[in-house]
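Asker: Please see the structure below; I have some questions.
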Amino acid sequence: MKIKYISLIVAIALALLLSGSYAFAANPPVKGVKTPTGKVSSANVFNRLLKKQKVRNPPPPEDGIHDPADAAVHVLQPPAVAFEGLPKSVFGNYVDWVKAIEGGYIKPRYDRFDPTVEPLVMDLNIVRVVKASMPDVVFPHKQHTEWLHCSNCHPKIFIPQHNANVINMSAILLGQKCGVCHGKVSFPITTKSCKKCHSKPKPADWKPPKSEASLKTPWR
Amino acid sequence: MYKSALIGLLGMFAVLALPQAAHAEYADVIINNYADAAGMRPVVFPHWYHRIRFRCKVCHADLGFKFKAGGNKITMAKIIDGKFCGACHNGEISWSVENCGMCHSGIPGTPTHIDGSTVQRLVAPTYKALEKPIQQK
């Protein structure tokens, strides 16, 4: 009886140990690199806060949000099948949706009943001058009106008036202004996508404005 | 003894088989306003599938879907009245509501959120005062 319990405990401990090592599989030990041992080693892991590399376009039963116990999940179309042949990108769905629509790879309806209705496209670029050293932002109405209607953004999210909108990256990251869509459903905000908006280089003679503190007490 | 070892082994496989961190398709929306409380799986809405067939304008301007996960308070009663999803999922434009499991396909207990959103990927907790947290039942 005692042996039975001990073996059960050992088996569970082994299971936890193995599953523990499985959970850290994101950073496998590199050959020739000594891994630190002892009490503090787990606190000093490499890339502590960098989340595990995403598996690209997994089928619904394996994607971690669909319940594989639901039979209908296995009927759903796997995204990788639908994305075959579409222009690629390096973030989001790994599909460049704007290129897909411009290149005629997809022809999404503008009216839910009538496939012949053409979108109301407006070609107008809005340039927003950025205070800091980042390239200025060019907002293209053309690509946005291909997908959206004016009323989706105006006047609730953006007041259609020059200099009437205060936009900054913190607000966008928290889901305001451009962040209502970007970072959620349209292309995400990563270091790889900055230049999609910040696309107009500063003039050659541009210098970053000096902060008040450095003007008051210049560095000697 | 072998029996308990076997139980332990099975337990190990159960732990290994647990879903790892979600890596679903970007912009998949999980809607769980009422589903869990009603004993249904939460709804998973795939943006990628719908945007191949419809432009944003169709749902977000014509049908009145707000740009907010869980903000539309969709119920089955509204859907069978032809509102929200029911504007297309009516057996005419797309398959009808008897296919419960096609939408109600999320892992039970998953809160309403947009999978893989930038806010979700932030390492530090986000400043909450700007936005009211989604009320969960």
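Asker: Within 10 Å of each Cβ in peptide B:64-77, how many partner chain Cβ atoms are there on average? Round it to a whole number, please.
Answerer: That average works out to 1.
Asker: Could you check the spin-label model distance between residue A:170 and residue A:77? Points 7 Å from the Cα along Cα→Cβ, value in nm.
Answerer: Modelled inter-label distance: 4.3 nm.
Asker: A follow-up question, please. Can you tell me the FRET efficiency between residue A:102 and residue A:31 if r is taken as the Cβ-Cβ distance and R0 is 35 Å, rounded to the nearest 0.05?
Answerer: After rounding to 0.05, the efficiency reads 0.15.
Asker: Cα convex hull of the range B:84-123: mean projected area in nm², to one decimal?
Answerer: Taking a quarter of the hull surface, the average projection is 4.2 nm².
Asker: Counting only the backbone N, which residues of the range A:114-141 are under 20 Å from the spot 7 Å out from the Cα of residue A:163 toward its beta-carbon?
Answerer: From the range A:114-141, the list is A:125-132, A:136-139.
Asker: With r as the distance between the Cβ atoms of residue A:56 and residue A:202 and R0 = 22 Å, compute the FRET efficiency 1/(1 + (r/R0)^6) and round to 0.05.
Answerer: The formula returns an efficiency of 0.05 here.
Asker: A further question on this structure: If we count other beta carbons within 10 Å of each Cβ, what is the order of A:76, A:50, fewest first?
Answerer: A:50, A:76
Asker: Let me ask something else about it. Quick check: convex hull over the Cα atoms of the range B:22-121, volume per residue in Å³, rounded to an integer?
Answerer: 103 Å³
Asker: Moving on. What average number of partner chain Cβ atoms lie no more than 10 Å from the Cβ of the residues making up A:88-99?
Answerer: 2
Asker: Count, for each residue of A:71-77, the Cβ atoms from other chains sitting within 10 Å of its Cβ, then give me the mean as a whole number.
Answerer: The mean count of partner-chain Cβ atoms within 10 Å per residue comes to 5.
Asker: Next question. With +1 on the Cβ of every Lys and Arg and -1 on the Cβ of every Asp and Glu, and nothing else charged, how large is the dipole of the range B:22-121 about its Cα centre, in debye rounded to the nearest 20?
Answerer: 360 debye
Asker: Let me ask something else. What ³J(HN,Hα) values, in whole Hz, does the Karplus curve 6.51 cos²θ - 1.76 cosθ + 1.60 give for the range A:131-148 when θ = phi - 60°, with x put for Gly and Pro?
Answerer: So the J values, rounded to whole Hz, are 4, 7, 6, 5, x, 5, 8, 10, 9, x, 5, 4, 5, 7, 6, 4, 9, 10.
Asker: Something else: So for the range A:84-220, averaging the separation of alpha carbon pairs under 8 Å that are six or more residues apart and normalising by length, what relative contact order in percent results?
Answerer: Over the range A:84-220, the number comes to 22 percent.
Asker: Using 1/(1 + (r/R0)^6) with R0 = 41 angstrom and r between the beta carbons of residue B:124 and residue B:37, what's the FRET efficiency to the nearest 0.05?
Answerer: The value I calculate is 0.85.
Computed from the coordinates by the stated procedures, all read-outs in this text should not be read as laboratory data. Only a predicted model underlies this, so the values are computations on that prediction, with no experimental measurement involved. As a convention, Cβ positions derive from the backbone with ideal geometry for all residues, glycine included, and neighbour counts pool all protein chains shown.
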